[in-house]
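These notes concern the structure reproduced below.
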Amino acid sequence: MVQTLRPQLWASEIIAYNDEELDRHIERYGRTIDVQDPEVLMQNKPFIQRLKDRANNTTDSVKSSPVDAQQLTARLLQGPTYKERAIRSPSVTSTTPPFTEEEEYLEDKRYETESFKWLVDSGGRPSHPLERMEDIVKTPGKDSEILSYWLDEADQDNDWRGLFQQQAGRWKCFRRIQCYAREQQFGHERVLMIAETFNNWEEFVGRCGPLQGGMGFPEYAKAAKERLQRHGFTRIFQLDLDLSQQDKLTTWIEYLNYEYLRYEDFSTKVRRGHRHDNKAWKKLVDSVALRPEETKEFLCSVDCGWQQAAERERAEEHMKAVRRVVVSVEQVIATPRQSRVSSQALQQRLLAAQLKLRGAEEEFWRIKGRNDCVSEYILSTKNYRIAKENAERHPILLRWMLQQIPLIELELNPPQKNSHTEELVGKISFSENQEAVLGRGPQTKERDRCGSETRPRSDQLSRKGKKRCRDDIEDDEDGTISPKRARNGGWPQFASWQPMNSTWFHDGQGSSQPARQPGSRPRHGETQRIDEPGTLSGHPRRSARIAMRREANLAATTSKKSPINRDKLSRSKRRFEDRRSKQTV
C-alpha cells in the first residue's frame, strides 16, 4: 500500500470527512491517523465507532490493510506534533519513497489553496488573502490576533500549513448544523454539535439511537436570538427556513451564533471542571509529592514532563548499576578460589552494595510514585485545561467575526456614486473634498457676474452684523486653519486665493479702493454704477482685504527706507492701479 507524508489534520477536519473521503485518506496514508488535537477526537465516541465500522466495510484495497483500533487509540493518545511526524522514517510497508521536501511543499500548498477556494465558494470568510498564505506568519500585520487563534501554538512562528484547512473544516461543520436545524427535530442544540460529525442525519440517528424532545427550527432560531442578546449582540435579524433565500449577512450572524454556542460549551465545561480540579490539586498536595517551587502551570508544562522523565531515567540507571555490583560480588563469593580477597571482606562489600541498592531502589520508586501522582493529576484534569484554554482563546475569533459584519454590509450595499456628485467633487477644492469625506458635503455657492465666488446666502445671513475677528482673516494667509475655526469644525470655504478680483474698483483719480458695502452711501466724488462688480458682493472678498493689508504693511515698511525704494513702490503702485482701472473699464 502506498503511504505518503502530509501535515497533520485537526480533529474537526477528520471528523467532517464523509465515508468516501475517510476511505481515501486511510488508503493513501495508511493505518495510522495523526491529528494535532487527539484529546478532542478521543472524546468523540460516535466517530471512533464510525472509524471502526469503516475498517470493516471498506473496499478491497483497504481491507487488505485494516485499521488497528488498538493502535489507533494508542497513537491518538500519544498525539505527536507535525514536526515529529515529518522527520519520522517511512514505514517499512511503503512501496514507494516518501515525498521529497519540494513535493511535500507543493502538496501542502495545493491542500491550502483548495481549502481556501472551497471556503470562499461556500460562503465563508478566510482570515487572510490567498496571496499571503506563505508569508502571513512572518509578517501578520493587522491579522496577528486572528492568526494566533488558528495557528498551532507549537509552530506559530514558522508554519503556515493547515490554516485554511482548519477554517474550512470548521465552516463545513457549521453548514451541516444549518441543514440539520432546518430539516430535523432534535432535543437540544448541543445534539447538533455531535451530529455535525456525521455525513447525514440518518447515520447519526442510526449510531446514537432515536432522540427525545421536539426542538426544531423555530426553537433553534429563537435560541440563536436569545444567545446573541446575552452576549451583547442586539441587532435585529431573521433566520430563513430556506437557506437559498437567506442572505450573506444573516448566514454570518448564524455562524456567529454557532461559535457562541461553542464558547458557552467551553465555559460550561470550565465551571464544571473547576471543582474537580481543586479536589485533584488538594489530593496532590496532600500526597507530599510536590516540591515548594512547583505550581499548576509548571506541572502541566512540557518542561516538567522532560524533567520528570530525566529524573526517572537517572534513578533507574543508577539502580541498575548498583544491582550489577551486587550481582558481581555475589559471583565472587560463590567462587572464593578465584579471588584474592578474604571472604570477610567480600561479605562486607556485599552488604555495602546491597545497602546501596536498597537506597537506589527506594529513590527510584519514590521518583516513580511522585511522577505517577503528578501524571494522575494531569490526566484527570486534562479536559478541564483544554476547555479553559479554548474559553480563553475563543473570544479572539468572536471579536474577528464581529469586525466582519460592517465589511459584509459594505459588500452587500456598496456606496452609490452619483454622476452629479462626482462632477462636483472634481471641481471643489482640497478643503471641500475633506468636508465631503467627513460627511459635510460642499455647499452650493452663488457666483457674481465676474465669476467670483461668494458665501452661500444662508452663511451671509448668519454672519450679518457679526464682526470678523483676526483669526478669520489670518487663517487663510498661510493656508492653515485658525484655532477658532478648528474648534468649530469648519474648513476653509474658498478654493483659491485671488489677489486680483472684481471686489476692487478704480476711483478715476489714480488710487484703488475697496468696494462699498451694500446699502451704503456713495463716497465723495463717487458715482454708483449698476454694473459695478462690488455691488453684487455683500462685502469685499477676503482675498481683497488680505491684499489691502499686505499693501498697507508694505507701504508702512518702505516709508522708512530710502527714496529709491519709495520710487520703486510708487512705480509698482501705478502699475497695480493701471491694471485695476483696465479691469474696471
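We did not get these values from a lab; they are worked out from the coordinates using the rules stated. Source: prediction; values computed, not measured. In this analysis, Cβ positions are derived from the backbone assuming ideal geometry, glycine residues included, and neighbour counts consider all displayed protein chains.
Tabulated data for the structure shown
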item	result
Size descriptor, Kirkwood hydrodynamic radius, that averages inverse alpha-carbon separations across the range 216-415, Å	22.9 Å
Efficiency of FRET from Cβ geometry, Thr268 and Lys368, R₀ 45 Å, rounded to 0.05	0.80
Cα-derived Rg to Rh of the range 321-383, Kirkwood definition	1.35
Within the range 131-251: Cβ-based charge dipole about Cα centre, in debye rounded to nearest 20 (Lys, Arg +1; Asp, Glu -1)	520 debye
Order of Leu379, Leu350, Leu119 - criterion: other Cβ atoms within 10 Å of each residue's Cβ, fewest first	Leu379, Leu350, Leu119
FRET efficiency, Glu219 to Glu293 (Cβ-Cβ, R0 41 Å, nearest 0.05)	0.20
